[in-house]
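Data first, discussion second: the structure below is written as structure tokens.
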Amino acid sequence: KLKPISGWLLAGYLAIYIIFYFTVYDTPMVDGATSTMLFYLPLTVLLTVFFAQYLDRRNAILDMFARLSFFIFFIHGYFSALERAVLRRAGLITAIENPFIEVIVIIATFLAIIVMSLAVYVVLKLITRDKSRYIIGG
């Protein structure tokens with residue numbers, strides 16, 4: 001029943017969340033906190049309905065990530081630790097108090113982890129060639 005208006009619902013929820021995030025923001029939410037789950041549970045439902053409505057055909061980028069998800073799941077932790085160490089050494093872990101800069105750092109970190117994971121996959125695929133499915137899962 002939500003499919004026809006899923007785009008509007010998603011846009012409205014994101015607008016409310018962004019307004020709340022940037023106006024009421026005082027400290028970052030603690031991982032695993034109940035309030036975090038209360039924000040992300042409706043987002044998960046709305047994204048599922050939105051994707052069911054607008055992405056019902058095959059998508060090459062999502063297909064690639066689906067095929068490589070096993071490898072990315074196991075390798076991304078190393079790059080997360082590396083980036084945490086780099087950000088901590090640069091003094092950016094505790095110094096970010098501006099929510100706009102925090103969002104930029106989160107997005108940049110996410111993209112860097114994905115790019116590094118895919119780069120390692122490509123290198124290992126070239127090295128292992130026909131045995132790659134057994135060694136790296138793809």
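Quick notes on this one:
- Residue, modelled with the highest pLDDT, within region 24-50, restricted to residues that are of a type in the set (Val, Ile, Thr), under 23 Å from residue 105 (Cα atoms) and open to solvent by less than 100 Å² (accessible area, probe 1.4 Å): 44
- Cross-chain or 6+ apart pairs with Cβ under 8 Å, region 1-12 first and under 9 Å from residue 49 (Cβ atoms), then open to solvent by 70 Å² or more (accessible area, probe 1.4 Å) and in a helix (DSSP H, G or I): 6/54
- Residue in region 8-23 that is farthest from residue 41 (Cα to Cα), counting only those that are open to solvent by less than 50 Å² (accessible area, probe 1.4 Å) and at pLDDT below 85: 21
- Looking only at region 83-135, residues that are more than 21 Å from the chain's Cα centre (by Cα), modelled with pLDDT of 85 or more and surrounded by 13 or more Cβ atoms within 10 Å (Cβ to Cβ) come to 3 in all.
The values are calculated or read from the model by the stated rules, or taken from the named source; none is laboratory data. Predicted model only: the values in this text are computed from it and were never measured. Cβ atoms come from the backbone with ideal geometry, glycine included; neighbour counts cover every protein chain shown. These area figures cover heavy atoms from the full protein model, side chains too; ligands, DNA and RNA do not enter into them. Shrake-Rupley method; radii C 1.70, N 1.55, O 1.52, S 1.80 Å.
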